[in-house]
Amino acid sequence: MSEYKLIQVFLSQSSTNPGPGIFEVSGDDEQNLRCTCPGFSIKGTCKHTKYVALAIVENEGVYPIEVSTKASLAETELARQDPEKFREFLLKYGKIKVF
Ligand SMILES: [Zn+2]
């Protein structure tokens, strides 16, 4: 069983969602995707995972993670070491998509 790693943070455009409307799409080594939004928990798929899946195909099998240029090389290296550090790194420096 491979570990899931956060790959993209989405901010919901919809104001009808309870809470802050921040959803996290994670993927494992086999490109299985999951999302923290309510739609995914009901249907097992959602517009966020579809967006990421399409970007993976268009980018030849790897999601093009966009990270702020403020992230230092040391922080980037540290983030590669484990999924939890990677998640913190992306929440801090990853470009959030409004969708
Ligand atoms: Zn979702």
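A few comments on the model shown:
- Shape class for the stretch 30-73: oblate, because the ratio a/c of the largest to smallest gyration tensor axis (alpha-carbon atoms, square roots of eigenvalues) is 1.5 or more and b/c is at least a/b.
- Cα gyration tensor shape of the stretch 58-98, rounded if a/c is under 1.5, else prolate or oblate by comparing a/b with b/c: prolate
- The chain: equivalent-ellipsoid semi-axes (sqrt of 5 x gyration tensor eigenvalues, Cα, Å): 22, 17, 13
- Helix 83-93 axis, angle to the chain major axis (alpha carbon atoms, nearest 10°): 80
- Full extension of the chain between ASP29 and ALA74 gives 13.8 nm of extra length, using 0.36 nm per residue less the Cα-Cα distance.
- Relative contact order, whole percent, for the stretch 5-98 stands at 34, derived from Cα pairs under 8 Å and 6 or more residues apart.
- Taking a straight line from the alpha carbon of LYS47, these lysines sit under 19 Å away, with near neighbours fewer than eight places off in the same chain left out: LYS5, LYS95, LYS97.
- For the chain, a simple Cβ point-charge model (Lys and Arg +1, Asp and Glu -1, everything else neutral) yields a dipole of about 460 debye relative to the Cα centre.
- Summing +1 for each Lys or Arg and -1 for each Asp or Glu among the other residues whose beta-carbon sits under 12 angstrom from that of PHE86 gives -2.
Bear in mind that the values in this text are calculations on the coordinates, not laboratory data. Small disclaimer: the values here were computed from a predicted structure and weren't measured. Counting neighbours? That spans all protein chains shown, and the Cβs are built from the backbone with ideal geometry, glycine included.
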